[in-house]
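The numbers here are math on the coordinates, done by the rules we state, and not lab data. Quick caveat: nothing in here was measured; it's all calculated off a predicted structure. Quick reminder, even Gly has a Cβ in these numbers, built from the backbone with ideal geometry, and neighbours come from all protein chains shown.
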Amino acid sequence: MIVARPASAPPLSPLLLTLLAGFLLFGHALWGWIPILDSANLAFHEAGHPLFGLLSDRLMVYGGTLMQLLIPAACAWEFYRREQR
């Protein structure tokens, strides 16, 4: 009888993680921002203005900040709910 073992992803090497962290720190030091993270954050922020603008003009002003806070909170809640801590 053959018993299947769960597949696991190979661990990232410490060298690869160090290079990635160095790239992110270099980008932050050189440009003052991290392209991948800040671009995603900007997209969430700007999407919040028209979405909350559908509810009221006052919320449209705050919609960017609200969405910028709600998206990461929703992701954190989903990870918590799935017990992926």
Exercise for the section: Determine the gain in length on full extension of the stretch Cys75-Ala40; use 0.36 nm per residue of separation and subtract their C-alpha separation, reporting nm with one decimal. Expected result: 11.2 nm
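Please give the length that would be gained between Leu24 and Ala47 if that part of the chain were fully extended, namely 0.36 nm times their separation in residues minus their C-alpha to C-alpha distance (nm, one decimal). Kindly include the intermediate steps, with their values, before the conclusion.
Values: separation 23, 0.36 × 23 = 8.28 nm, distance 2.53 nm.
Using 0.36 nm per residue and subtracting the Cα-Cα distance, I get 5.8 nm.
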Practice task
Once you have the Cα-Cα distance between Leu59 and Glu83, take 0.36 nm times their residue separation minus that, and quote the gain in nm to one decimal.
Solution key: 5.3 nm
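Counting Lys and Arg as +1 and Asp and Glu as -1, each charge on the Cβ, what is the dipole of the range 33-85 about the Cα centre in debye, to the nearest 20?
For the range 33-85, the charge dipole is close to 200 debye.
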Handout entry: Spherically averaged projected area of the range 33-85 from its Cα convex hull (nm²)
Key = 4.4 nm²
